[in-house]
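Taken together, the values in this text are just the output of simple stated rules run on the coordinates, not laboratory data. Source: prediction; values computed, not measured. Here the Cβ positions follow ideal geometry from the backbone for every residue, glycine too, while neighbour counts run over all protein chains shown.
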Amino acid sequence: MTEPRKEPGAGPLRVVVDLNRCQGYAQCCYAAPEHFELRGHEVLFYDPTPPAGKQAEIARAVQACPVRAISFDMGSVS
Amino acid sequence: MSPDEPGIVVVGASLAGLRGAEALRRGGYAGPLTLVGDEPHAPYDRPPLSKHVLAGELRPDATALPHLADLDATWRLGQPAVGLDRSARVLRLADGVELRYEKLLIATGAQARPWPVTDGSGPLPSGIHTLRSRDDAAALRIALAAGPKRVLIVGGGLIGCEAASCCRDLGLAVTLADPNPTPLARILGSLIGSVIVSCMNTAGVDFRPGTHVEAFEADASGRVCRARLKDGAAIETDCVIVALGATRDTSWLAEAGLNADAGGLTCDSACRALDSEGRPAPGLYAAGDVARCPSPFYGGRLVAFEHWGNAVAQAGHAARNMLANDDDQRAYRHLPSFWSSQFGINIKGVGLADGADAVAVVQGSRASRRFLAVYGREGRAIAAISFDQARWLPAYAERIEAGAAFPPILGATDQSIKDFGAPDFPEPRSR
């Protein structure tokens, strides 16, 4: 039996974007340019494991998304 | 966990299992909760595997999914379920552990359809890959990084096309063989699939339509060196990706008296698993790729969607019904939607296009590779697909859900209807 990580903040953050919802508004790319990048017209490439220290930037990206497509956690697991 | 309170067990620890477990907690379930997964990994996201992981931009283990609720769960990872005793309400795992359950959420998903090995054909050569799990992607990434002389992809569905795109990004020679006239022919038809052919031509993918791979040959070391085709020709290759779709993981349910096979576990509209008599099996629900449910938008047709959005939505819906009374079991109404990125283009779709008798490009043009096309059947809009034109899609999804006439939106700014005609789907599979 494998237990996922327990301690909050022990590892990187975990980010996922619902790319059905994403409409390529690219607000995340302004809020956290190191972790979200729009390629071509509307392909979003994002970093699913930003370092724990980037939490504020990722939270800004979440709040900037006009279609609420971004979710993340602190790398902690219940 | 108290032995007299078995609680809820979720079988399958991928996207649907995780989001289902979260929905149970968010829905107020406070009892014991166990998640069972056949892979040793915590729940991870699959879409990046056939894109950024193959391209080497993301490590395979970078795709772990965030947890969006406090689960307080017991995890049993790396232990596939091997049997279900419905009368005793016991789930059996490969290591012999027996888990009692009060309710079970079945989210065991699907697995890559392997290359069919026939009697007498001997063992499969090495260097032949499938692409479904994180471990598949890790192995294939290593193979691609080693610089094969020519990658052969068998099957031009979404995974095959994404892999072909990645191979070209990596500068690798790649051939994609498909029995149909274009890639994505089964899901989009060849009128739209022809746009992918033109992308492949530009990118330098050697696309071989109407091509049936029959067998693989190995060199002296047992490594694949050649694919033999039905017409007698051959393709030299030292790395093969078999991309023939997926089969549902229901073998563990073989003795459970349910309506389950490689096409899925049949459910009713409330996501309740049906027994072999067609009655809802008490306490048994299913969600995600494994769940074959009637789709209200397609005449109740039974469909097991292999879509990210369906896994999330259906798991949430099944969890809701698991916590509701028997007289409050709501029907799942979900218009399927998917996305893919390949050759630099964002492809998004809503609805089921197969079965359409007409298609029209209603925004943009195929030549520009930037367009929205809508599909119709018997005068109603049933599906829409966008190539780098995603912002139009939600409006079409609404009209499709409402059963609007085809084409559903007329007179929009910049709209010029083109390519109004037959979508050109292949004949249904004989096997």
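Packing-based ranking of B:42-49, B:28-35, B:366-373 yields B:42-49, B:366-373, B:28-35, ordered from highest to lowest mean Cβ neighbour count within 10 Å. Here nothing in chain B passes the span test, since no DSSP H helix has an alpha carbon length of 24 Å or more along the helix axis and a Kyte-Doolittle mean of 0.0 or above.
Let me know the Kirkwood hydrodynamic radius for region A:14-73, please, with Cα pairs as the basis and the value in Å to one decimal. Answer for region A:14-73: a Kirkwood hydrodynamic radius of 11.1 Å.
Straight-line cross-link partners of B:LYS51 among the lysines, defined as a Cα under 17 Å from its Cα and at least 8 positions apart when in the same chain: B:LYS348. As a rough footprinting exposure proxy, the listed residues B:HIS334, A:HIS35 were ranked by other beta carbons within 10 Å of their own, and the order from fewest upward is B:HIS334, A:HIS35.
For B:ARG226, the residues whose modelled amide H falls within less than 5 Å of its own, excluding neighbours fewer than 5 places apart on the same chain, are B:GLU217, B:THR237. Peptides B:217-225, B:63-71, A:65-73 ordered by packing proxy, namely the average of other Cβ atoms within 10 Å per residue, highest first: B:63-71, A:65-73, B:217-225.
Normalised by the number of residues in region B:347-399, what is the relative contact order in percent for Cα pairs under 8 Å and 6+ residues apart? Working shown, then result.
Details: 105 pairs, mean separation 20.0, N = 53.
Relative contact order comes out at 38 percent.
Inter-label distance, B:ARG92 to A:ARG68: 4.5 nm, where each label sits 7 Å from its Cα along the C-beta direction. With a 10 Å cut-off around each Cβ of B:66-75, the average count of Cβ atoms from other chains is 5.
The value of relative contact order for region B:334-425, using C-alpha pairs under 8 Å at least six residues apart, is 30 percent. Couplings for region B:37-53, taken from phi via the Karplus curve 6.51 cos²θ - 1.76 cosθ + 1.60 with θ = phi - 60°, read x, 7, 8, x, 8, 5, x, 10, 8, 8, x, x, 4, 8, 10, 6, 6 Hz in order; Gly and Pro are left as x. Counting only other chain Cβ atoms within 10 Å of each residue's Cβ, the peptide A:31-43 averages 3. For chain B, a Gaussian network of Cα nodes joined below 10 Å ranks B:ARG150, B:ARG141, B:ARG391 by mean-square fluctuation, and the top entry is B:ARG391. Modelled label positions at A:ALA59 and B:LEU410, each set 7 Å beyond Cα in the direction of Cβ, lie 5.2 nm from each other. Panel order for A:TYR30, B:TYR332, B:TYR396, B:TYR298, by other beta carbons found within 10 Å of each beta carbon, from fewest to most: A:TYR30, B:TYR298, B:TYR332, B:TYR396.
Given +1 at the Cβ of Lys and Arg, -1 at the Cβ of Asp and Glu and no other charges, the dipole of the protein assembly as shown around its Cα centre is 820 debye to the nearest 20.
Here the Kirkwood formula puts the hydrodynamic radius of chain B at 22.8 Å, using every distinct Cα pair. Hydrodynamic analysis of region B:158-229 uses the Kirkwood radius over alpha carbon pairs. Inserted into Stokes-Einstein at 20 °C and 1.002 mPa s, it gives a translational diffusion coefficient of 164 µm²/s. In terms of other Cβ atoms within 10 Å, B:MET200, B:MET322, A:MET74 run from fewest to most in the order A:MET74, B:MET200, B:MET322.
Using a Förster radius of 25 Å, what is the FRET efficiency between B:ALA324 and A:ARG21 based on their Cβ-Cβ separation? Nearest 0.05, please. Please list the in-between numbers first.
Working: r = 26 Å, r/R0 = 1.06.
Given R0 = 25 Å and the Cβ-Cβ separation, E is 0.40.
Our Cα-only numbers for region B:311-431 put the radius of gyration and Dmax at 16.7, 54 Å.
Comparing B:PRO148, B:PRO181, B:PRO123 in a Gaussian network model of chain B (Cα springs below 10 Å), the most mobile by mean-square fluctuation is B:PRO123.
When the alpha carbon gyration tensor of the protein assembly as shown is reduced to an equivalent ellipsoid, its three semi-axes come out at 34, 28, 26 angstrom, largest first. Calculated FRET efficiency, B:LYS418 and B:ASP357, Cβ-Cβ r, R0 22 Å, to nearest 0.05? Calculated transfer efficiency: 0.80.
Determine the relative contact order of region A:14-73: mean sequence separation of Cα pairs under 8 Å and six or more apart, normalised by residue count, in whole percent.
Numbers: 83 pairs, mean separation 29.5, N = 60.
RCO, region A:14-73: 49 percent.
What's the average, rounded to a whole number, of partner chain beta-carbon atoms within 10 Å of each residue's beta-carbon in A:16-26? Don't jump to the answer; show the numbers that get you there.
Working: counts 11, 2, 4, 11, 17, 5, 4, 5, 4, 1, 0.
Across A:16-26, the average partner-chain Cβ count within 10 Å equals 6.
Applying a DSSP loop filter and a limit of 15 other Cβ atoms within 10 Å to the GluC sites (Glu not before Pro) in region A:16-78 leaves A:GLU34. With both labels modelled 7 Å from their Cα along Cα-to-Cβ, the B:ALA146 to B:ARG113 distance reads 2.7 nm.
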